[in-house]
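What follows is a short report on a single structure.
The values are calculated or read from the model by the stated rules, or taken from the named source; none is laboratory data. Computed from a predicted structure; not experimentally measured. Note: ideal-geometry Cβ built from the backbone for every residue, glycine included; neighbour counts use all protein chains shown. Each accessible area value is taken on the protein alone, full model and side chains, heavy atoms only, with ligands, DNA and RNA left out. Shrake-Rupley method; radii C 1.70, N 1.55, O 1.52, S 1.80 Å.
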Amino acid sequence: MGGSVIFYTYGSTLELNGQQLTAGMLTADLLNLSPDEYMRLKKRMTQITDLAEEYERKRDIALWWKLNEKMDALCQKLRRYQVFRLLLDEDEDAFFSVIREITGQFDLLPKEEHEPSEEIQRKRLERVANVISARSETVKDVPLDLFHLSEAALEKGDAFYYKMLRAIGPTRDAWRDYKKRIRRYETYLHDIRAFNETIQNFIRFGLSKLEHNSPEEYAKALYGFYNDDRIAEKLIVNPIRNNGDCYTTHDAYELSYVPRPLPDGSVAICQEHVTDSLQALMKADYMLALNSGHNIRRCIICGRYFLLKSGVHALYCEGACPHAPGYTCRQFGSVEVQKELAKDIPKVKVKVTAFARITKDMQRGAISQEDARKAKDYVRDLLYDALRDASISVETFEESVSSE
């Protein structure tokens, strides 16, 4: 296991690359990667793998340059989502920048110079080592021995590697490292499809049908989702139906308990997760959210997934409404949509009347703004139950949301 992803969990928090996140935030964000956008990413990945195969056949440096541009563009597209902004940091930019430089630079050389013999490569290494040593802040008369590196040189890590790569050029070792990066991006895309489609199905067919929202109810729903063979076959992404993409219910990673200082200055005993799997990271985020009582819903107006930290049956998110600039989906849904529904649904009309009464109470100072918000959330939850249960009459619902 290479351990390319290291993250920590404690309480209802997940920490990735030094950033503390409320459990479920990464999941809600990534679930908004649409199928159309995914297919565009997948198409770009196919172009990358085709170019890689062509480069291995022809060894034309211009092909590697073109391939690198597409890899860089794919990286930028993935960074639209928070998990990749944290995973693909500035080191990724530095790597693509170096490859862009050396493939452009070495395309000017004769083809036989692209992949030199071991003797030529060793001489280059020695020559470059002396140049780097001369420019360093160390003792000028002591050349840098690349074959017996000092601790100081090793501590420079990627920066030292990139300097060498610029000077030496696109060797077989450099290409081998690059192919590992391509495979990592391929795995990212496999995991995105497997995770997103499966969890979206779970939210739609499992969580959205719950009468009560709580960690225990979420766990029961997930247990049924995983263990009902009919559900699993149809709703969990598997390699038979999905060209090799697969959602796994078990993940391989190393787990340790470590006491450590947190970014906010406090100290906690954290679970340290080390893995190569994006799926493992995303499932840790989502399952921790469910265990913490958080829920992810899909806004019925804009269609985006959003995180709820409570058990309310919210239908709308707080994002910008696509139909009414200047309003959030919640504002738009609570007023315009509900007014239209109230014409045909008596229970919704009762809810609209109750909301108007609460707003007037707040305006005349009878209740605070926070109390008004809580009261509206309470009425909204009661409406959700009343619409789902035909045995609750309009009169009963109206009495339950009366001013008293």
Pairs only if they're at least six apart or on different chains, beta carbon under 7 angstrom, first in segment 65-80 and within 13 Å of A94 (Cα to Cα), second open to solvent by 60 Å² or more (accessible area, probe 1.4 Å); list them, first residue then second. N68/R100
Criterion violated by A366 - all others in (1) assigned to a helix (DSSP H, G or I); (2) open to solvent by 30 Å² or more (accessible area, probe 1.4 Å) satisfied: (1)
Could you grab me the full set of residues in segment 253-304 that are among the small types (G, A, S), over 24 Å from L78 (Cα atoms) and not in a strand (DSSP E or B)? G265, S266, S292, G293
When the residues of segment 353-387 are filtered to those that are touching a helix residue (DSSP H, G or I) at 6+ places or on another chain (Cβ under 9 Å) and touching a residue at least 60 places away in the same chain (Cβ under 8 Å), which remaining residue is nearest to G333 (Cα to Cα)? R380
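Results for (1) basic (K, R); (2) modelled with pLDDT of 95 or more; (3) exposed (fewer than 13 other Cβ atoms within 10 Å of the Cβ), shown as yes or no for each residue.
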residue	(1), (2), (3)
A152	no, no, yes
F160	no, no, no
R176	yes, no, yes
N196	no, yes, no
I199	no, yes, no
P239	no, no, yes
Within segment 23-35, of all residues that are at pLDDT 95 or above and in a helix (DSSP H, G or I), the one most open to solvent (accessible area, probe 1.4 Å) is M25
If we keep just the residues of segment 47-65 that are modelled with pLDDT of 95 or more and charged (D, E, K, R), which is nearest to E37 (Cα to Cα)? D50
Filter segment 305-323 for residues that are small (G, A, S) and in a loop (DSSP other than H, G, I, E, B); the one that is surrounded by the most Cβ atoms within 10 Å (Cβ to Cβ) is A314
So how many residues does segment 388-404 have that are in a helix (DSSP H, G or I) and buried (at least 16 other Cβ atoms within 10 Å of the Cβ)? 3
Select from segment 70-90 the residues that are within 20 Å of I102 (Cβ to Cβ) and at pLDDT 95 or above and write down the one among them that is surrounded by the most Cβ atoms within 10 Å (Cβ to Cβ). M71
Consider A232 carefully, then state whether it is out of contact with any Lys or Arg (no Cβ under 9 Å at 6 or more places or on another chain), among the hydrophobic types (A, V, I, L, M, F, W, C) and over 25 Å from L87 (Cα atoms). yes
Could you check segment 201-223 and list, in sequence order, the residues that are surrounded by 14 or more Cβ atoms within 10 Å (Cβ to Cβ), part of a helix (DSSP H, G or I) and in contact with a strand residue (DSSP E or B) (Cβ under 8 Å, 6 or more places away or on another chain)? I203, L207, Y218
